[in-house]
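Here the structure comes first, spelled out in structure tokens, and everything after it is commentary.
The values are calculated or read from the model by the stated rules, or taken from the named source; none is laboratory data. Just so you know, these numbers come straight off a predicted model, no measurement behind them. Because the Cβ atoms are built from the backbone with ideal geometry, glycine has one as well, and the counts that use them run over all protein chains shown. We work out accessible area using only protein heavy atoms, side chains counted, and drop any ligands, DNA or RNA first. Shrake-Rupley method; radii C 1.70, N 1.55, O 1.52, S 1.80 Å.
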Amino acid sequence: MKRWQERFLWIIALVAMVYGMVYVDVVWRAKESFLEGEKYWRWADHPEERQQFLDTQLTREKAVLENDRSRGKLSPDEVGHRLEIAQFDHDQALKESSIKYAYIWYQTTADLFSPPESRWVKMAREKMPVAKERWKAELRARKIPFEDYMID
């Protein structure tokens, strides 16, 4: 085999390898994104699980801050300030719509991680319209005015 043919084959192999790595990465990211949407979908059906998750997260943050205070890394004032922020973030997260986030994660999966048209992208495209309708129903139930263009 001539030297240029050998180099050409190496280049083709390298391009195929890079393409394969990109393909695997995009499919993996689509899966992660879809599963995040599924988590929020489940939380929309089971708000007590979401409450428990957020409460656990707040408890962990408080423990880390308290640990930092006891080690002298943070002053008591700074700990108090950060605790207020953590509590505010927790309260805001409780007010957010889980089904809205499910829709956004499905939309992200379908828009950002295709092509390739993986099974995760296909499943996200199937669930998007249902999630969108559930979100609209939730907004109507809360008597929050909206137009369709505001949701997309």
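Structure data summary
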read-out: So E38, is it acidic (D, E), free of Cβ contacts under 8 Å to residues at least 60 places away in the same chain and assigned to a helix (DSSP H, G or I); value: no
read-out: Any helices (runs of 4 or more DSSP H) falling wholly within the range 90-151 and containing at least 2 residues that are within 17 Å of the chain's Cα centre (by Cα) and not acidic (D, E); value: 98-112, 119-141
read-out: Boolean, L9 is open to solvent by 60 Å² or more (accessible area, probe 1.4 Å), more than 30 Å from K100 (Cβ to Cβ) and part of a helix (DSSP H, G or I); value: yes
read-out: Matching option when the condition is in a helix (DSSP H, G or I), on the phi < 0 side of the Ramachandran plot, at pLDDT 95 or above and surrounded by fewer than 11 Cβ atoms within 10 Å (Cβ to Cβ), among V15, V27; value: V15
read-out: Of all residues in the range 54-87 being farther than 27 Å from L139 by Cα, modelled with pLDDT of 95 or more and acidic (D, E), the one that is surrounded by the fewest Cβ atoms within 10 Å (Cβ to Cβ); value: E84
read-out: Answer residue from the range 88-138, given it is in contact (Cβ under 8 Å) with a residue 40 or more places away in the chain and over 27 Å from W28 (Cβ atoms) and is most open to solvent (accessible area, probe 1.4 Å) among those; value: R134
read-out: Cβ-Cβ under 6 Å pairs, at least 6 apart or on other chains, the range 70-83 side under 18 Å from L58 (Cα atoms), far side modelled with pLDDT of 90 or more and open to solvent by 60 Å² or more (accessible area, probe 1.4 Å); value: V79/R69
read-out: R69 assigned to a helix (DSSP H, G or I), among the basic types (K, R) and touching a Pro at 6+ places or on another chain (Cβ under 9 Å); value: yes
